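The structure under discussion appears below in the form of structure tokens.
The values are calculated or read from the model by the stated rules, or taken from the named source; none is laboratory data. Computed from a predicted structure; not experimentally measured. For neighbour counting, all protein chains shown are included, and Cβ atoms are generated from backbone atoms with ideal geometry for every residue, glycine included.
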Amino acid sequence: MSRGVLLVNLGTPDSCAVRDVRRYLDEFLMDRHVIDLPWLLRRLIVSGLILPLRPRRSARAYAKIWDAAGENTGSPLLAYSRALRARLCDNLSMPCELAMRYGQPTIASALSRLNDQGVSELFVIVLYPQHADSTRTTSIEAVIGQAGAAMAVEVLPPFYDRPAYIAAQAGVIERNLPVHWDHLLLSYHGLPERHLTQADPTGGHCLQSADCCQRQSAAHATCYRHQVLRTSELLMAKLGIDESRYSVSFQSRLGRLPWLTPYTDQTLTQLPQQGVKRLAVACPAFLADNLETLEEIGMAGRQNFLAAGGESLTLIPCLNDDPQWAAVLAEWCAG
């Protein structure tokens, strides 16, 4: 069997024009893994409450970071994902393609290119370290569904605690920490609390006690919060950073349902009141810089931190196309 690799990231609009952002948000938010409600209710919420206003606001935000990966490169997430794929190809002796769960390049087009190269055994890497149905499950289901019987599909499990990933992520953080800093904030993409409880195979562990993520449980295999906290612990141990000098928060919440706390936006305004003046922020849930890192943290977040009394906010870049990270992925592909 001929083996090939498929990298899958979440997606990005084709441009920062309102129409393209609206099209992207519609596809993204109508995914049952993102808004886990019956189709009709989901359609009413997305079309009636979100799409009339949010695309214009999001388009303005995208416009601020468009081409941030370099001159005329367009979406940073797509540019960095393409750069990673190119660097990975340099380390591989097998075909490798990139796809987005939503937007371009599509999963179907990537599978077609792999099929044209004779690939019958597919190794899938979803570019999110921790498990979440709204990132990993939806991507895996889409790949398997579209691959059909033409390819045997193997999926890389969540790698949030793999030493090679931790070493690569720690290396990027260490190289980009400023000489003088007071506190390191690890900001992860948030999830509604109900996503965790619904993914809990035990039906009674996640979010049922203050120490649920520390007590051993089968739920940890699909618990985003446990995996986030474990990633954070391993990163700080690798870097030798004491627990008093870092904290964990969750960003990008949407709607009124309870999401994982503490919220990043609130944390950014509270830290100066706790004596933190020089803040560094890393976003280990993301493997490529995007709207949530570059604009939400690097622009809006920095402005809020400074307005609350902070002096500087340093945004640590994601792994992007880091050579060490590409080498790690190549080793996993060779398996």
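Would you tally the residues in region 51-76 being assigned to a helix (DSSP H, G or I), within 29 Å of Leu6 (Cα to Cα) and not small (Gly, Ala, Ser)?
3
Checking His33 against (1) over 19 Å from the mean Cα position of the chain (by Cα); (2) within 20 Å of Thr138 (Cα to Cα): exactly one of these is not met. Which one?
For His33, the failing item is (1).
Could you tell me how many of the residues in region 155-198 are part of a helix (DSSP H, G or I), among the hydroxyl-bearing types (Ser, Thr, Tyr) and in contact with a Pro (Cβ under 9 Å, 6 or more places away or on another chain)?
1
Under 30 Å from Ile316 (Cα atoms), out of contact with any Lys or Arg (no Cβ under 9 Å at 6 or more places or on another chain) and either modelled with pLDDT under 95 or part of a loop (DSSP other than H, G, I, E, B) (or both), is that true of Gln104?
When the stated conditions are applied, Gln104 passes them.
Taking helices (runs of 4 or more DSSP H) that do not extend beyond region 216-335, which have at least 1 residues that are within 24 Å of Ala164 (Cβ to Cβ)?
224-239, 323-334
Mind checking which pairs have a first residue in region 22-43 that is on the phi < 0 side of the Ramachandran plot and modelled with pLDDT under 95 and a second that is aromatic (Phe, Trp, Tyr) and part of a helix (DSSP H, G or I), Cβ under 8 Å, 6 or more apart or different chains?
none
Results for (1) aromatic (Phe, Trp, Tyr); (2) touching a residue at least 60 places away in the same chain (Cβ under 8 Å); (3) touching a Gly at 6+ places or on another chain (Cβ under 7 Å); (4) closer than 24 Å to Tyr62 by Cβ, shown as yes or no for each residue.
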{"residue": "Gln274", "(1), (2), (3), (4)": "no, no, no, no"}
{"residue": "Pro284", "(1), (2), (3), (4)": "no, yes, no, yes"}
{"residue": "Glu292", "(1), (2), (3), (4)": "no, yes, no, yes"}
{"residue": "Phe305", "(1), (2), (3), (4)": "yes, no, no, yes"}
{"residue": "Leu315", "(1), (2), (3), (4)": "no, no, yes, yes"}
{"residue": "Ala327", "(1), (2), (3), (4)": "no, yes, no, no"}
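Please specify each residue of region 34-50 satisfying the condition of being crowded, with 17+ Cβ neighbours inside 10 Å and assigned to a loop (DSSP other than H, G, I, E, B).
If the condition is that a residue be crowded, with 17+ Cβ neighbours inside 10 Å and assigned to a loop (DSSP other than H, G, I, E, B), then Val34, Ile35 are the ones that fit.
I'd like to verify a number: residues in region 232-262 that are closer than 30 Å to Ile50 by Cβ, at pLDDT 95 or above and surrounded by 18 or more Cβ atoms within 10 Å (Cβ to Cβ), how many?
Adding up the residues that qualify gives 6.
Collect the residues in region 160-202 that are of a type in the set (Phe, Trp, Tyr), touching a strand residue (DSSP E or B) at 6+ places or on another chain (Cβ under 6 Å) and either closer than 28 Å to Thr138 by Cβ or surrounded by 22 or more Cβ atoms within 10 Å (Cβ to Cβ) (or both), keeping them in residue-number order.
Across region 160-202, the qualifying residue is only Tyr188.
Quick check on region 106-113. Is at least one of its residues in contact with a Phe, Trp or Tyr (Cβ under 9 Å, 6 or more places away or on another chain), within 30 Å of Val228 (Cα to Cα) and in contact (Cβ under 8 Å) with a residue 40 or more places away in the chain?
No, region 106-113 contains no residue that is in contact with a Phe, Trp or Tyr (Cβ under 9 Å, 6 or more places away or on another chain), within 30 Å of Val228 (Cα to Cα) and in contact (Cβ under 8 Å) with a residue 40 or more places away in the chain.
Taking the condition of being part of a helix (DSSP H, G or I) and either surrounded by fewer than 21 Cβ atoms within 10 Å (Cβ to Cβ) or touching a Ser or Thr at 6+ places or on another chain (Cβ under 6 Å) (or both), how many residues in region 1-33 meet it?
Counting residues in region 1-33 that are part of a helix (DSSP H, G or I) and either surrounded by fewer than 21 Cβ atoms within 10 Å (Cβ to Cβ) or touching a Ser or Thr at 6+ places or on another chain (Cβ under 6 Å) (or both) gives 11.
Write out, first by first residue and then by second, each pair whose Cβ atoms fall under 9 Å of each other, whose residues are 6+ apart or on separate chains, and whose first residue, in region 239-261, is within 11 Å of Leu191 (Cβ to Cβ) and touching a residue at least 60 places away in the same chain (Cβ under 8 Å) while the second is among the acidic types (Asp, Glu) and surrounded by fewer than 17 Cβ atoms within 10 Å (Cβ to Cβ).
Once the first residue is within 11 Å of Leu191 (Cβ to Cβ) and touching a residue at least 60 places away in the same chain (Cβ under 8 Å) and sits in region 239-261, its partners that are among the acidic types (Asp, Glu) and surrounded by fewer than 17 Cβ atoms within 10 Å (Cβ to Cβ) give Leu257/Glu193; Pro258/Glu193; Trp259/Glu193; Leu260/Glu193.
Of all residues in region 67-81, which are surrounded by fewer than 20 Cβ atoms within 10 Å (Cβ to Cβ) and on the phi < 0 side of the Ramachandran plot?
Glu71, Thr73
Being of a type in the set (Gly, Ala, Ser), over 20 Å from Arg19 (Cβ atoms), in a helix (DSSP H, G or I) and in contact with a Gly (Cβ under 7 Å, 6 or more places away or on another chain) is true for just one of Ala79, Ala110. Which residue is that?
Matching residue, one of Ala79, Ala110: Ala79.
Out of region 145-154, which residues are exposed (fewer than 15 other Cβ atoms within 10 Å of the Cβ), in contact with a strand residue (DSSP E or B) (Cβ under 6 Å, 6 or more places away or on another chain) and in a helix (DSSP H, G or I)?
None; the set is empty.
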